[in-house]
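Coordinate-derived values only; no laboratory data. Please read all numbers here as calculations on a predicted model, not as lab measurements. Using ideal geometry, Cβ is built from the backbone for each residue, glycine included, and neighbour counts are taken over all protein chains shown.
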Amino acid sequence: MESTDADGLTSPASILVALVTVIFLLHRICPHLFEPKADKVTESIVITSSNKSDLTVSKESEIPEGWWNGREVFELERRALFSQRWLYLAHCSQFQKPGSYQSFDIAGFPVFLIRGKDNKIRAFHNVCRHRAYTIARKETGASTILGCRYHGWSYDTTGRLVKAPQFDDVPGFDKSQNSLFEVHTYTTGQGMIFVNLNSGEPAAFGSGMASSLSGFARMAGLEARSNWVAGQTLSGDFNWKVGARARHLDVYTSELHRGMSELSGPSPLIKFYVNLCLALSFFPASESKTNIRFDLFASSAVNEPEIQRMSEVLKSATKNLVGEIELEYQYISTEKGSLAELDSTDTRRILSRLQEHTKLERIEGGQILPAMHKPKGSTLFQKADQLCKELDCVGGGSQNSSHNGTSPNALDW
């Protein structure tokens, strides 16, 4: 994370203070996030395609094979980084009432946040326990009951299974054993919501990290009582590691400054603008696709027409940002890519973490999947499930899916 204006909130130059939540590079303000154990990474790591996703150390000075567009590299990142680290998703003001939800795709992990009737915001894997179909089908919405369209399994805001057609009369079938898989969450005092996909006990959300975030949010003017006023998600064809760079953000904020200056006209609305905070988040979708979401927050009442005009400026600037990153990705993903990329602190930290995880997988003799859930199976459930399949065959089935045959007794991440 980093502020885009060191002068704070006192000049027209700070009409927008960007809360840059570059999802997996929070070590810019919280260097302990990755906590690499290796003293230093001075050699490139070539990731080879093998059943164990082995990491081989090479003394050649080159970009690791597949670093920018390799599926094996991305799958390793999913296991070593995205399924074990605390990741920022949203602000509490984006969930105004019980049932308000927002869904995300985090490196192929579908999850959603939802405010419960008890006002607690929880996170869940966005898959039905029956056939792993999507529960929250829209990016944002509001409903105190979320249901799967395949066989009608429905869940409340706490993830509890409340309806399971064709299973209710099965002796021994226990709804409480088929709730949605919950994801660990942590909400800061300023309302920033983080998740950790580790199915076991995750690393603690450190006090140092919380303190750093608190100081940054205070400087940016973001509070728990801030209001969400606008936001949108755009998609880009590039690897997440290309997008999360300071130089892109510098160009982006410069364009925002120009756009907002033109928007304010001859009489800058300084009082209006300094009450705003912008969050820009990068969500990896695959090895070559990343979603960028911008969210605008206000600490006091704002003028709706002005917000609409500002949203257009933000959308335009973010589209241009996506275009610039896509061009760079096309360049560096070819042989023309700069060899100096390995010298960056970000790259070295990521390489170190991937190397550590690969060593653990070598010891284990196979892949380590921290986000994988393995609840106990049930013969009664399997019997009822087989009956459900037979009914599908007789009735022609409600819909086809690549998830057919997926049991709720194993969520394979």
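List of remarks:
- Distance between the modelled labels on Asp174 and Arg362, one decimal in nanometres: 4.3 nm (7 Å Cα→Cβ projection).
- At the listed q of 0.13, 0.20, 0.24 Å⁻¹, the Debye profile of segment 73-187, built from one uniform point per Cα, gives log10 I(q)/I(0) equal to -0.51, -1.07, -1.36.
- Available extension along the chain between Glu312 and Ala203 is 35.3 nm, counting 0.36 nm per residue and deducting the alpha carbon span.
- Rg/Rh ratio calculated on Cα atoms of segment 120-184 (Kirkwood radius): 0.95
- Under Karplus coefficients 6.51, -1.76 and 1.60, residue-wise ³J(HN,Hα) of segment 129-140 in Hz, glycine/proline x: 6, 8, 10, 6, 7, 5, 9, 8, 8, 9, 5, 9
- Violating pairs (Cα-Cα greater than 19 angstrom) within the set Lys175/Lys374; Lys120/Lys163; Lys138/Lys319; Lys97/Lys138: Lys120/Lys163; Lys138/Lys319
- Proxy reagent accessibility, fewest Cβ within 10 Å first, across His373, His130: His373, His130
- With semi-axes defined as the square roots of five times the eigenvalues of the C-alpha gyration tensor, the equivalent ellipsoid of segment 60-129 measures 34, 12, 9 Å, largest first.
- Over all distinct Cα-Cα pairs of segment 107-153, the Kirkwood formula returns a hydrodynamic radius of 11.4 Å.
- Stokes-Einstein diffusion coefficient of segment 148-240, Kirkwood radius over Cα pairs, 25 °C, 0.890 mPa s, in µm²/s: 141 µm²/s
- The residues Tyr331, Tyr101, when put in order of fewest to most other Cβ atoms within 10 Å, stand as Tyr331, Tyr101.
- Among 122-128, 208-214, the order from most to least packed when residues are scored by Cβ within 10 Å on average: 122-128, 208-214
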